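Working notes for the structure below.
What follows draws every value from the coordinates through simple rules; no lab data is involved. Computed from a prediction, not measured in an experiment: that's the story for all the values here.
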Amino acid sequence: MIRVLICDDHAILRRGLKNILAETEDMTVAGEAENSQQALQLVRDSDWDVVLLDISMPDRNGIDTLKLIKKERPKLAVLMLSMHPENQYAIRALKAGASGYLTKQSAPAQLVTAIRQVKQGRKYVSPTLAEQLAARLGEDMEAAPHESLSNREYQTLTLLSSGKTLSEVAVELKLSVKTVSVYRSRLLEKLQLKNNAELTHYAIKNGLVE
């Protein structure tokens, strides 16, 4: 039986995932966490086969949580779940140690397949993401400037370029407006951009926002 730990701050989503996995014969949801701290404690206290981890946790972002989980349990399979399109966070998550990446809009059958695949020690990527990865390998060029951003800077980039204000970004990331402003200044400097308009243009050009 595949023991699954679900880490997501939305109770409705956790219930939905449990219902999907309850229909399988080889999986059981043996634990739930609604924030990063709970997730890390459960990872330390019990043995798991697969962790389903939301990329937007309330107390610590999912990428940072992923890194801490892999530090505690290097061989534990972690499958990232996100409402964000694959082109925004998937490659970043895989580089951080994720075994796979799924959007929350994925079909139930895709989720079940992904869990079984990462349990076997393999990576799971959707056909769309596989094409993106193949294209990047074929480009044979230097990494894009935004790949040097920290996770918080990258989150700030995608949120600002999607039209959110500094205050709205601060609320979503649970940070102060001053801190978000610092991240904005850093990413503008790293990307050699001058303002939010150029930031948005850059994000659209590089497929970071829809």
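Annotations for the structure displayed:
- Angle in degrees between helix 177-191 and the longest Cα principal axis of the chain, rounded to the nearest 10: 70 degrees
- Table column - 3J(HN,Hα) (Hz), segment 90-100, Karplus curve with 6.51, -1.76, 1.60, x for Gly and Pro: 4, 5, 4, 5, 5, 5, 7, x, 5, 7, x
- Contour minus Cα-Cα distance for ASN19 and ASP47 (0.36 nm per residue): 7.9 nm
- With Cα atoms, 0 to 90° folded angle of helix 11-22 axis to the chain main axis: 40 degrees
- Start at zero, step by 5 Å, and the Cα-Cα distances of the chain spread as 1, 7, 15, 18, 19, 15, 12, 8, 4, 1, 0 percent across the bins.
- Under conditions of 37 °C and 0.692 mPa s, segment 145-205 yields 294 µm² s⁻¹ as its translational diffusion coefficient, taking Rh as the Kirkwood radius over Cα pairs in the Stokes-Einstein equation.
- Residues whose amide H lies under 5 Å from that of SER56, counting only those 5 or more places away or on a different chain, are GLY62; hydrogens are built 1.01 Å from N in the peptide plane.
- Taking all Cα pairs closer than 8 Å and separated by 6 or more residues, the relative contact order of segment 2-137 comes to 20 percent.
- Taking segment 145-205 and dividing mean pair separation by its residue count, relative contact order in percent (alpha carbons under 8 Å, at least six apart): 44 percent
- Kirkwood-based shape ratio for segment 1-72, expressed as Rg/Rh from alpha carbons: 0.95
- Candidate lysines for bridging to LYS104, where Cα separation is under 16 Å - those fewer than 8 sequence places away on the same chain excluded: LYS18
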